[in-house]
Amino acid sequence: MTASTSLETLHHEYGSKATAVEPGGAEPIPLADRHGRPSQMFWTWVSPNMEFATIFVGIIAILFFGLTFWQAVAAIVIGNALGAVSHGVLTSWGPERGLAQMVLSRRPFGYRGNVLPAGINAIVAGVGWFAVNSISGALALSALTGWNGYVCLVIGVALMLAVAFLGYNFVHVFERFTFPVLVVIFLAGMAVILRTQTAPVTDAVPGGFWIALGASFGYTAGWNPYASDYSRYLPPAAAKRAGIFAGLGNFLSSTVLQIAGAAAVTAVGVANWDGSNPTGSYISLMPAWLGGVTLLAIFIGAISANALNLYSAAMSFAALGLHLPTAFGRAVLAVAVGLAGLVVAIFALDHLEAYEGFLLVIAYWIGPWLGVVFADRVLDRTTSTDLTTFTSTRHVNLAGPIAMAVAMVVSIALFSNQQLYLGVVPAAVPAVGDLTFEVGFVLAVALYAVLRPVLRRRAAAAVA
């Protein structure tokens, strides 16, 4: 029996078993092994957003950028809508060919060129987001139980590793069962917060609306590079509906909790908000029993989010072409990435203030990447079931990495608006805020549209 046949057999045996370890790595999912319903995309993308990191995006719109409550709501809704629409579209691509998102990215970037987005995503998901969510969950559990923060961190990471190690089926089951619990708890807290009398806010930061919009987009679009990872087992006929459910789930959950964060700062007051303990300030508006339950929900929500971060980080590493001497390469990669993320989280436990910049950095690379993959989708209408451009190590497309790299450098150099680096445009005109992701997206689309046909003609001429 060949290695490929053995893997196909393992996939077939895996089926829809929730407690079995998912085999393989970044290989296409055979049509015979497709299963699931498009509606499961809804809770799969609601549950991971039911965490304090989501709330914090709304908090900084008021606390750092000085927006009024309704200005913050507008920025949150627009930013999340943009990220959710792209998320829904990308999710619909998974069932078409049964491929993970960073494997689909090989067509516009080439097999080797795909190292750029897949490598970034593996690090961002497995280290960046994983550390941020692990810390917020650990702090919540520590506040609830009085246990040492590092002990809580290890407990949380162990649970996250277990979910991600088992893989696709168990991830979906876990998100389904946490969905009603987290939604009820967070909505109850939001109802209390919205009834609280609001307090005045500080003066708005120049361009604060656009910076807040970028942060909301960065958070919601931060899931975009994972999208088809969780829809690739669905049958092709479910593609469009899966995209709708995924986009809707991502939008509603992100928007509701970010608005709750904005409302909490407005109610407590900027002057009274404890920046060193934002979780404590958030639950201070609630009855003691609800505050305790909310802390538990924050911990569970961190597990929900990081299960996806670990799983998709492992898929991104697999998309780089890593081949491990095991039929369960993805599972091994998930554990390795999780342990690396734990080390980072331990060192970063007392430095959550960097979260604002991290949110905006997410938007910086995702904008150009989205520009390339969407431009390629429009330009290449191929409907063939041939997967050569996604699986062949000989596939080359330099237009993708060039367009993305140039768009990133130019957009960040000109439009970045962060404490560590202020771009040329916002330095001269602060009112523009932060337009890095918009400029990066548009520039990447234009560059790819120009470079793709030119480079193809040159390649064809060289062969002739």
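Exactly one residue among Ala84, Ala74 is of a type in the set (A, V, I, L, M) and within 13 Å of the chain's Cα centre (by Cα), and that residue is Ala84. Which members of the stretch 130-151 meet the condition of being surrounded by 24 or more Cβ atoms within 10 Å (Cβ to Cβ) and of a type in the set (A, V, I, L, M, F, W, C)? Hits for the stretch 130-151 are Phe130, Ala131, Val132, Ile135, Ala138, Leu139, Ala140. Give me a count of the residues in the stretch 328-361 that are part of a helix (DSSP H, G or I) and at pLDDT 65 or above. Number of matching residues: 21.
One line per residue, one yes/no per condition, for (1) at pLDDT 95 or above; (2) under 17 Å from the mean Cα position of the chain (by Cα); (3) among the basic types (Lys, Arg):
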position: Val181; (1), (2), (3): yes, no, no
position: Gly208; (1), (2), (3): no, no, no
position: Ser228; (1), (2), (3): yes, yes, no
position: Ser253; (1), (2), (3): yes, yes, no
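Looking at the stretch 70-83, is at least one residue assigned to a loop (DSSP other than H, G, I, E, B), under 24 Å from Ser312 (Cβ atoms) and either modelled with pLDDT of 95 or more or out of contact with any helix residue (DSSP H, G or I) (no Cβ under 7 Å at 6 or more places or on another chain) (or both)? No. The residue list Glu13, Glu22 contains one member that is out of contact with any strand residue (DSSP E or B) (no Cβ under 9 Å at 6 or more places or on another chain) and assigned to a helix (DSSP H, G or I), which is Glu13. Just a yes or no: is a residue in the stretch 139-147 touching a Leu at 6+ places or on another chain (Cβ under 6 Å) and small (Gly, Ala, Ser)? Yes. Residues that are assigned to a helix (DSSP H, G or I) and touching a residue at least 24 places away in the same chain (Cβ under 8 Å) within the stretch 281-290 comprise Tyr282, Ile283, Leu290, listed in sequence order. Applying the set (1) in contact (Cβ under 8 Å) with a residue 40 or more places away in the chain; (2) surrounded by fewer than 24 Cβ atoms within 10 Å (Cβ to Cβ); (3) within 21 Å of Asp434 (Cβ to Cβ) to Trp70 leaves exactly one unmet item: (1).
Of all the residues in the stretch 44-69, those that are part of a helix (DSSP H, G or I) and over 21 Å from the mean Cα position of the chain (by Cα) number 3. Just one of (1) crowded, with 19+ Cβ neighbours inside 10 Å; (2) over 20 Å from the mean Cα position of the chain (by Cα); (3) among the small types (Gly, Ala, Ser); (4) more than 22 Å from Val256 (Cα to Cα) fails for Ala164. It is (2). Residues that are crowded, with 24+ Cβ neighbours inside 10 Å and within 12 Å of the chain's Cα centre (by Cα) do not occur anywhere in the stretch 105-113. Scan the stretch 385-434 for residues that are farther than 30 Å from Arg457 by Cβ and not small (Gly, Ala, Ser) and the total you get is 16.
What do you reckon, is Ala131 modelled with pLDDT under 95 and touching a helix residue (DSSP H, G or I) at 6+ places or on another chain (Cβ under 6 Å)? In short, yes. Among the residues of the stretch 39-58, those that are among the aliphatic types (A, V, I, L, M) and either farther than 16 Å from Ile211 by Cα or modelled with pLDDT of 95 or more (or both) comprise Met41, Val46, Met50, Ala53, Ile55.
Of the candidates Pro430, Pro426, the single residue that is surrounded by fewer than 16 Cβ atoms within 10 Å (Cβ to Cβ), under 19 Å from Phe209 (Cβ atoms) and touching a residue at least 12 places away in the same chain (Cβ under 8 Å) is Pro430. Return the residues of the stretch 383-404 that are in contact with a Lys or Arg (Cβ under 9 Å, 6 or more places away or on another chain) and in a loop (DSSP other than H, G, I, E, B); say none if nothing qualifies. Listed by number, the residues that qualify are Thr385, Leu387, Ser392, Thr393, His395, Val396, Asn397.
The values are calculated or read from the model by the stated rules, or taken from the named source; none is laboratory data. For clarity, every value in this text was computed on a predicted model and none was experimentally measured. Note: ideal-geometry Cβ built from the backbone for every residue, glycine included; neighbour counts use all protein chains shown.
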